[in-house]
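Note sheet for the following structure.
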Amino acid sequence: KAGVTQTPRYLIKTRGQQVTLSCSPISGHRSVSWYQQTPGQGLQFLFEYFSETQRNKGNFPGRFSGRQFSNSRSEMNVSTLELGDSALYLCASTPSGGLFGTQYFGPGTRLTVL
Amino acid sequence: DQQVKQNSPSLSVQEGRISILNCDYTNSMFDYFLWYKKYPAEGPTFLISISSIKDKNEDGRFTVFLNKSAKHLSLHIVPSQPGDSAVYFCAVSQGNLIFGKGTKLSVKP
């Protein structure tokens, strides 16, 4: 079975721009979660989608948004980028939804904001 | 204020010995606890979990202990192997997941 894939792997943007990251979960997995990892804050939960609905949300500003499609693929969008948004963005999928089960993480997208 | 703390940024252990990774949390309402391992340039990998109704869960070389009164979680790896060298994150759940900042474990041959 193919793992979780994320595209692109690396991205460079400038302040004020917006960015869209993509995550394809493992086939058959219906839940996708997004995380931000930075050296200062560590790994922080952004949001979780299950069956195209946002089910859980972390403490991030409204500039961070996401969606999930009917094939369970998910996108995350960050608008009006700030320098502090530079981070590794990880997505994870689980078979049956929820954050309790085993999560399978993708390799991440490294976003650099200049 | 951090709700989940891993106070040791790094830990070095000899191969074959026990590795003990610690995690403290602040909220007694957390009901599910997890450990993840992360290698460089890869996403985290789920290792082991425990619910608040238990105080110990074992899976092969990995054992997680939960001390609810002390709000303390620990991961024991016995025996430690060089391939265990990675960053270990604890996480707690109450609807969403809150991660500690990680402990870098180095297992020396």
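The values are calculated or read from the model by the stated rules, or taken from the named source; none is laboratory data. Predicted, not measured: the structure shown is a model, and the values here were computed from it. Virtual Cβ from ideal backbone geometry, glycine too; neighbours counted across all protein chains shown. For the accessible areas, the whole protein counts, side chains as well, though only heavy atoms, and no ligand, DNA or RNA atoms are used. Shrake-Rupley method; radii C 1.70, N 1.55, O 1.52, S 1.80 Å.
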Q. Can you give the accessible area buried between chains B and A, summed over both chains, with a 1.4 Å probe, in Å² to the nearest 100?
A. 1500 Å²
Q: List the aspartates and glutamates whose Cα lies under 16 Å from the Cα of B:LYS68, skipping any in the same chain that are fewer than 8 positions away.
A: B:ASP24, B:ASP31, B:ASP55
(Q) In Å and on Cα atoms, what radius of gyration and Dmax does segment B:54-109 show? (A) 12.7, 40
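Share of antiparallel DSSP beta bridges in chain B, in percent to the nearest 5?
So the antiparallel bridges in chain B amount to around 90 percent.
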Q) Could you give me the ³J(HN,Hα) list for segment B:70-84, computed from phi with Karplus coefficients 6.51, -1.76, 1.60 and θ = phi - 60°, whole Hz, x at Gly and Pro? A) 8, 6, 9, 10, 9, 10, 10, 10, 9, x, 6, 10, x, x, 7
Q) How much of the accessible area of the protein assembly as shown, probe 1.4 Å, is carbon plus sulfur, in whole percent? A) 49 percent
Q. Taking every eigenvalue of the Cα gyration tensor of the protein assembly as shown, multiplying by 5 and rooting it, what semi-axes result, largest first, whole Å?
A. 29, 19, 17
Q: Over segment A:12-80, give the accessible area per residue in Å² for a 1.4 Å probe, as an integer.
A: 47 Å²
Q. When each pair of different Cα atoms in chain A is counted once in the 1/r mean, what is the Kirkwood radius in angstroms, to one decimal?
A. 13.9 Å
Q) Using alpha-carbon positions, what is the distance between the centroids of segment A:36-114 and segment B:63-109, in Å? A) 22 Å
Q | Residue-averaged beta-carbon neighbours from other chains (10 angstrom radius) around A:41-50 | A | 4
Q. Can you tell which of A:GLN17, A:GLN44, A:GLN54 shows the greatest fluctuation in a Gaussian network model of chain A with Cα springs below 10 Å?
A. A:GLN17
Q) Hey, what do the phi angles of segment A:5-14 turn into as Karplus ³J(HN,Hα) couplings, whole Hz, using 6.51/-1.76/1.60 and θ = phi - 60°, x for Gly and Pro? A) 10, 10, 9, x, 7, 9, 8, 10, 10, 10
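Check each of the chymotrypsin sites (Phe, Trp or Tyr not before Pro) in segment A:20-98 and keep only those in coil by DSSP with at most 14 other C-beta atoms within 10 angstrom; list them in order.
Those that pass, being in a loop and sparsely packed, are A:PHE69.
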